[in-house]
Amino acid sequence: MKLVTAIIKPFKLDDVRDALSEVGVQGITVTEVKGFGRQKGHTELYRGAEYVVDFLPKVKLEIAIDSALLDQVVEAIIKAAKTDKIGDGKIFVFDLEQVYRIRTGETGKDAL
């Protein structure tokens, strides 16, 4: 089992969710986060004053999947989230040792 964590631009969330549904992903955890990468934020003008926005709004997706789906999930996220501009995001893949479904007591792949 794998845990895929993706950091994407907020306006791409619906596209990514639809792409993941098409490859068979049944559940996603979404968190609104802030951060920066190589772009180091940007400068904005507000009421005549210029200020630096160090942390940009992002969306963090966490997806627990069977290892067999990994390549399809990563490819779906890349295709749906890509804008070819700086700040498109990153995907991190972790080994997932165990999963428990609280309601039924199922474990492992059955709990996904």
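Some points to look at:
- Wholly enclosed strands (runs of 3 or more DSSP E) of segment 1-63 bearing at least 1 residues modelled with pLDDT of 95 or more: 2-8, 29-35
The rows are residues; the columns are (1) touching a Cys at 6+ places or on another chain (Cβ under 6 Å); (2) polar (S, T, N, Q); (3) closer than 15 Å to GLU22 by Cα; (4) touching a residue at least 60 places away in the same chain (Cβ under 8 Å).
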| residue | (1), (2), (3), (4) |
| --- | --- |
| GLU62 | no, no, no, no |
| SER67 | no, yes, no, yes |
| LEU70 | no, no, yes, yes |
| ILE78 | no, no, yes, no |
| LEU96 | no, no, no, yes |
| ILE102 | no, no, no, no |
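The values are calculated or read from the model by the stated rules, or taken from the named source; none is laboratory data. Everything quoted here is computed from the prediction, not taken from an experiment. Glycine also receives a Cβ, built like all others from the backbone with ideal geometry; neighbour counts cover every protein chain displayed.
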